[in-house]
Amino acid sequence: MRALLALICLILLTGARDPILVPEISQHEVQVRQGFRGTELLLFGAIMTPEGTRAGQDYDIVVVLKGPTQSIVLREKQRIAGMWINAASTEFRSAPTFFAVASSRPIQQIVDDKTAAIYELGLPWLQLSPIGAFDPKEQARFSAGLVDLMQREGLYKEDPRGVKLSEQVLYQARIALPSSVQTGTYTAETFAVTRGRVITSAISKVEVKKLGFEKAVADYAEYNGFLYGLLAVLLSIAMGFLAGRLFALI
Amino acid sequence: MDVYLPIANLAVNGLVIVALGALTGILSGMFGVGGGFLTTPLMIFYGIPPTVAAASAASQVTGASVSGVLAHTRRGGVDYQMGGVMVGGGIIGTAIGAGLFRLLQQLGQIDVVINVLYVVLLGGIGYVMAKESLQALRAQKAGVPVPARKRRHHPMVSSLPLRWRFYRSGLYISPLAPLLLGVFTGILTMLMGIGGGFVLVPAMLYILGMSANVVVGTSLFQILFVTMATTMMHAMTTRAVDLVLAALLLIGSVSGAQVGVQLAQRIPAERLRFVLAAIVLLVALRMALGLGWRPDEIYTVTPS
């Protein structure tokens with residue numbers, strides 16, 4: 001009985017000390033359809049004490065938006081006999097198709113490397129699950145290569161001042177999705193950090209999906225290859241024929 | 001005008017793709033080649049994934065060759081027997097090509113192979129074409145007619161067993177020769193996303209020794225069916241045919257082809273051939289530089 005009471009007290013006390021994060025995203029569904037040029041997500045929310053008053057302390061906020069992961073082969077070109085050809089390769093079992101980190105201050109100033117690695121706060125700490133026993137040096141080179149490539153494609157990014165805090169209560173971050181994003185479920189995880197310690201976090205989800213014509217085309221191509229091919233062939237013949245006829249009239 | 005490509009998974013400027021199609025369409029109308037050799041590399045250069053580019057370029061070549069085949073049929077310029085044999089070979093070739101494509105993709109060497117093929121084929125053919133057209137131009141200036149090349153097939157062709165009579169081509173040769181030629185271009189079509197016209201036409205003239213007035217029509221006939229087979233093959237194996245991309249390319253190329261035909265009638269044939277040779281050589285050179293220079297991207301990602 002005494003133990004239970006102690007436990008309840010502990011929960012209440014820690015509950016009273018730890019603030020609550022209330023995250024929200026401007027849209028929970030991104031529709032990929034004709035005219036899609038990418039979009040910008042606004043991730044915002046509030047931090048407060050359980051009583052609903054403002055948290056009052058100094059917090060840092062880190063927002064991580066992560067796309068669906070996929071298993072990939074990463075190939076590296078090397079110059080062989082005067083030609084640049086794919087020479088070395090490695091496999092990653094869980095490379096995210098999209099990864100963006102925004103924080104209120106540079107990550108290094110908020111947490112130490114260990115904490116950053118545990119919560120995947122930042123591109124150097126991506127957990128890619130490489131396959132096979134590689135020496136760490138080579139592994140690091142490949143990881144850096146992937147991150148660099150994806151960064152230039154706008155699919156991986158870090159914004160050390162991307163989170164705006166107002167009055168230590170409200171926060172907001174903008175993360176742009178380029179048009180080349182993969183469809184699937186994206187998770188947005190928000191971390192509140194004080195004195196190098198993650199005190200609370202909350203997850204919300206964004207669904208990126210193709211719709212209407214785009215979805216129909218993608219599904220058809222994937223599940224009904226023969227008819228899809230036939231459609232492509234008929235389309236090209238019809239258009240060739242039509243153009244021949246039209247120009248004959250002119 | 002932004003258009004989202006559902007298979008390539010990205011948005012492109014639709015007008016750029018239509019213009020690209022128009023450019024290759026004009027070439028195909030002028031020279032009787034499919035123009036795939038230009039579309040595929042340009043699309044890759046523009047940022048479309050190589051597999052999607054190669055798979056979708058084939059349907060554009062189909063569209064551009066339809067009106068050409070119709071025009072040649074009307075004036076009896078198609079040897080259906082010869083074309084049929086080559087189409088048969090071409091379909092076998094696309095199946096082999098599909099297997100090779102998958103194998104090379106697994107090995108991670110597909111882009112290198114495509115690049116090397118482009119350099120070797122375009123470089124070689126461009127060189128021969130440039131040399132010939134220069135000779136013709138020089139002879140024209142001097143006022144001496146070029147001695148007509150004696151039409152005969154390659155000795156290797158006559159050593160093949162089994163002989164058929166191809167009346168329209170004016171040949172009595174083994175059907176294995178056009179069949180093998182068909183297989184070869186079928187493989188190229190599948191791997192490179194080209195129609196293969198610039199390989200077929202010289203091969204039909206100088207290796208098979210076909211009569212010149214049925215060469216272009218028959219090659220277009222073969223290209224028409226083989227690119228159709230290629231599109232089907234890609235749709236069923238790589239699943240990388242992008243209908244929206246193909247439609248955009250087609251709009252440009254089928255109208256460009258008509259313009260090209262009009263242009264071709266105004267420009268002397270020798271000069272036309274020289275221009276084509278120069279374009280082919282330029283593409284080959286660009287590809288060769290791409291192989292030799294340090295590429296922008298050292299790393300490439302493929303799903304496994």
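Across peptide B:58-67, the average count of Cβ atoms from other chains found within 10 Å of a residue's Cβ is 6. Within the listed set A:A188, A:A202, A:A100, the Gaussian network model of chain A (springs between alpha-carbon atoms below 10 Å) gives the highest mean-square fluctuation for A:A202. As a length-normalised measure over Cα pairs under 8 Å and 6 or more apart, the relative contact order of chain B settles at 39 percent. The fewest-to-most ranking of B:M1, B:M204, B:M86 by surrounding Cβ atoms within 10 Å reads B:M1, B:M204, B:M86. Counting only other chain Cβ atoms within 10 Å of each residue's Cβ, the peptide A:75-88 averages 5. Estimated from the Cβ-Cβ distance and a Förster radius of 35 angstrom, the FRET efficiency linking A:Q31 and B:R138 is about 0.05. Counting every other Cβ atom within 10 Å of each residue's Cβ, A:E120, A:E222 order from fewest to most as A:E222, A:E120.
For the peptides B:24-31, B:97-104, the ranking by packing is B:24-31, B:97-104, with the highest mean count of neighbouring Cβ atoms within 10 Å listed first.
Close amide H pairs (under 5 Å, H built 1.01 Å from N) link A:T39 with A:L177, residues at least 5 positions away or on another chain. Find, among the trypsin sites (Lys or Arg not before Pro) in the stretch B:159-195, those assigned to loop by DSSP (not H, G, I, E, B) with at most 16 other beta-carbon atoms within 10 angstrom. Passing sites in the stretch B:159-195 are B:R163. Given 10 °C and 1.306 mPa s, compute D for chain A with the Stokes-Einstein relation, Rh being the Kirkwood radius over Cα pairs; round to the nearest whole µm²/s. D = 73 µm²/s. Its relative contact order, with pairs defined as Cα atoms under 8 Å and 6+ residues apart, puts the stretch A:18-209 at 34 percent. Per-residue Cβ neighbour counts within 10 Å put B:V18, A:V147 in the sequence A:V147, B:V18, beginning with the fewest.
With K and R counted +1 and D and E -1, the other residues having a Cβ less than 13 Å from that of B:L291 yield a net charge of +3. Other protein chain C-beta atoms within 10 Å of residue C-beta, averaged over A:66-74: 3. Per residue, the protein assembly as shown reaches -18000 deg cm²/dmol at 222 nm when only DSSP H runs of four or more residues are counted, each adding -39500 (n - 2.57). Where is the GNM fluctuation largest for chain A (alpha-carbon springs, 10 angstrom cutoff): A:A116, A:A87, A:A192? Maximum fluctuation in the GNM of chain A, among the listed residues, is at A:A87.
Summing charges over all other residues whose Cβ lies under 14 Å from the Cβ of B:L276, with Lys and Arg as +1 and Asp and Glu as -1, gives +1. Oblate is the label for the stretch A:95-183. Its Cα gyration tensor axes, ordered a ≥ b ≥ c, give a/c of at least 1.5 and b/c at or above a/b.
Values quoted throughout were computed directly from the atomic coordinates according to the rules given, and no laboratory measurement underlies them. Predicted model, so just to flag it, every value in this text is computed and none were measured. All Cβ positions, glycine included, derive from the backbone under ideal geometry; neighbour counts span all protein chains shown.
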